[in-house]
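FYI, it's all coordinate maths here, none of it is from the lab. Since this is a predicted model, take the numbers as computed values, not measurements. No Cβ is skipped: glycine too gets one built from the backbone with ideal geometry, and neighbour counts run over all protein chains shown.
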Amino acid sequence: MLWWHWAILGFGLIGVEILTLGGLGNFYFLFFGMAALIVSSLTWSGLVEVAWLQWFLFAILGIISLLVMKKPLQTKRSIDGKDEPDVDTMIGEIAKVLEPLEPQALGKVELRGSTWNARNAGKYLLAKESIAKIVRVDGLTLWIQAESLTQEDEHVG
């Protein structure tokens, strides 16, 4: 193969990795794209001219770089070596109700400085400016209920 065939293959594989944003989380395309670019350089410089040797180097370089670099890249990609937190970690947090919310109704709450859609999962009306506890996260909707009820509140509902 000509050197520029390897270059096109390498940039193409790296492009696929970028387009998927590492969505597969495995970086396979990145390593084989880098291997193709290395083979392209070796072919261009005249060090490797035989096709079977080019393919052999491509496979070996891709596999070795995958085995050596995959784990460090995945670790760097996460926060402090841990997976990024899920939104489900918001369960148990306290949000401020921005508008009166009937039971099972949709409304708005403020949490972490942002406004969120919320559904009242409780049996009681949530007043404006009251606080509510997040009991479930469904997509971008927070399911909330009153944080604590006094005996007086229980008799009203």
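With a simple spin-label model that places each label point 7 Å from the Cα along the Cα-to-Cβ direction, the separation between Tyr28 and Lys70 comes to 0.9 nm. Each residue, Thr89 and Thr115, gets one label point 7 Å from its Cα in the Cβ direction; the gap between the two is 2.6 nm.
Using 0.36 nm per residue of separation minus the Cα-Cα distance, give me the extension gain between Trp55 and Ser41 in nm, one decimal.
3.7 nm
How much length would be gained if the chain were fully extended between Leu19 and Ile63, taking 0.36 nm per residue of separation minus their Cα-Cα distance, in nm to one decimal? Additional length available on full extension: 13.7 nm. Here Lys71 is the anchor, and the lysines within straight C-alpha reach of less than 20 Å, apart from those fewer than 8 places off in the same chain, are Lys82. The string of couplings for segment 31-39 from the Karplus curve (6.51, -1.76, 1.60, θ = phi - 60°) is 5, 6, x, 5, 4, 5, 5, 5, 4 Hz, one whole number per residue in order, with x for Gly and Pro. Once the chain from Ala127 to Ala105 is taken as fully extended at 0.36 nm per residue, the excess over their C-alpha distance is 6.7 nm.
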